[in-house]
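First comes the structure, then the notes that go with it.
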Amino acid sequence: VASAEAAKELDAAAKKAGVKAACHLKVDTGMGRIGMRRPAAVKAAQKISGLEHVALEGIYTHLSSADSDGAYTKLQLKHFNETLDNCAALGIKAGLYHAANSVACVSYPDSLFNLVRPGLACYGLLDGFQPALALKSRIVFLKDVRAGSSIGYGRTFRAPRQLRLATLPIGYADGYSRRLSNAAEVLVRGRRCRVAGIVSMDMIVVDVTEVPQAAIGDEAVLLGPQGRDNITAQDLAQWSGTISYEVVTAISTRVPRVWTT
């Protein structure tokens, strides 16, 4: 919950359901999205503690710049600790306190409290971590095209010479961004192959001219290692003008997950 009003709504819903609901109170120490600043957060915690059908299980905040602004991060933690101290002075206790995202877990020991919320680290996207996923497809169609042939919506790609092109059954509905059109590369038999044309909802086309052995059924790696090469989340982020975390969290639920160890 991010306000006393939200807590009252939760209290009413819990009463109607015949349960006691646990909640975590969000304190805004400088992220600026949701939550209350001091001293409103302390007053809200006090009100929540008095509700019959709600238990204040946790108090938390979020660090906006742990990867870029150490001084501001320390200021946020100072404000959070002051809020917790003021709550404790009023006898308000919660079992869980948390502030740390992935970067803070590694770089700011004072942010750990007794619960952490890693995101990037779970995907292995921090320096020193091993990437935790790969995104793969397979070639389902091959064709040779003449110079001047256009590919995809809007005819944004035109073959500069005779090319061999492969179609992969993956697209923006799977989380492979349309911004990767004519920009990204895919690994086929260990060689980088450029995306040719606009990324469609369900398909992309890649230029496999330099991979003459490419065949229908061949694995194509859009993110991850193959042979001696590796397409990283940061590569995809640079090609699409975003961040690596968006790349991995955008992979849609319709993409099958295969767990390996």
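The values are calculated or read from the model by the stated rules, or taken from the named source; none is laboratory data. Note that the coordinates shown come from a computational prediction; the quantities given were computed from them, not determined experimentally. Reconstructed Cβ throughout: ideal geometry from the backbone, glycine too, with neighbour counts over all protein chains shown. Keep in mind that these areas ignore ligands, DNA and RNA; they rest on the heavy atoms of the full protein, side chains included. Shrake-Rupley method; radii C 1.70, N 1.55, O 1.52, S 1.80 Å.
Considering only the Cα atoms of region 192-261, their convex hull presents on average a projected area of 6.1 nm². Look at the dipole of the chain built from charges on Cβ: of Ile243, Ser49, Ile170, the Cα furthest out on the positive end belongs to Ile170. Counting only protein heavy atoms and a 1.4 Å probe, the chain has 55 square angstrom of accessible area per residue.
Which of rounded, prolate or oblate describes region 186-232 when judged by the alpha-carbon gyration tensor and an a/c cut-off of 1.5? Here region 186-232 falls in the oblate category. Normalised by the number of residues in the chain, the mean separation of alpha-carbon contacts (under 8 Å, six or more apart) gives a relative contact order of 12 percent.
Among Ala184, Ala159, Gly128, flag the residue with its Cα farthest along the positive direction of the charge dipole of region 126-193, charges on Cβ as +1 for Lys/Arg and -1 for Asp/Glu. It is Ala159.
About its Cα centre, the dipole of the chain is roughly 600 debye, where the only charges are +1 on Lys and Arg Cβ and -1 on Asp and Glu Cβ. Seen through its C-alpha gyration tensor, with square-root eigenvalues sorted a ≥ b ≥ c, region 1-138 comes out oblate because a/c lies at 1.5 or above while a/b is not bigger than b/c. For log10 I(q)/I(0) by the Debye sum over Cα atoms at q = 0.07, 0.12 Å⁻¹, the value calculated from this model appears in (i) -0.22, -0.67; (ii) -0.43, -0.84; (iii) -0.40, -0.81 under label (iii).
For region 1-82, what percent of Cα pairs sit more than 16 Å apart? The proportion of pairs with Cα distances above 16 Å equals 51 percent. Under 12 Å from a point 7 Å along the Cα-to-Cβ line of Arg164: which residues of region 198-235 have their amide N that close? Taking a point 7 Å out along Cα→Cβ of Arg164, the residues of region 198-235 whose backbone N falls under 12 Å are 207-216.
Taking only protein heavy atoms and a 1.4 Å probe, the accessible area of the chain is 52% carbon and sulfur.
Cα gyration tensor of region 43-94, axes a ≥ b ≥ c as square roots of the eigenvalues: rounded (a/c below 1.5), prolate (a/b > b/c) or oblate? Note, shape of region 43-94 comes out prolate.
Under conditions of 37 °C and 0.692 mPa s, region 133-247 yields 236 µm² s⁻¹ as its translational diffusion coefficient, taking Rh as the Kirkwood radius over Cα pairs in the Stokes-Einstein equation. Dipole check for region 169-237: with +1 at the C-beta of Lys and Arg, -1 at the C-beta of Asp and Glu, and the Cα centre as origin, the magnitude is about 140 Debye. Put a plus charge on the Cβ of each Lys and Arg, a minus charge on the Cβ of each Asp and Glu, and nothing anywhere else: the dipole of region 56-151 about its Cα centre is then about 580 debye.
For the chain, lysine pairs with C-alpha atoms less than 25 angstrom apart, excluding pairs fewer than eight positions apart on the same chain, total 27.
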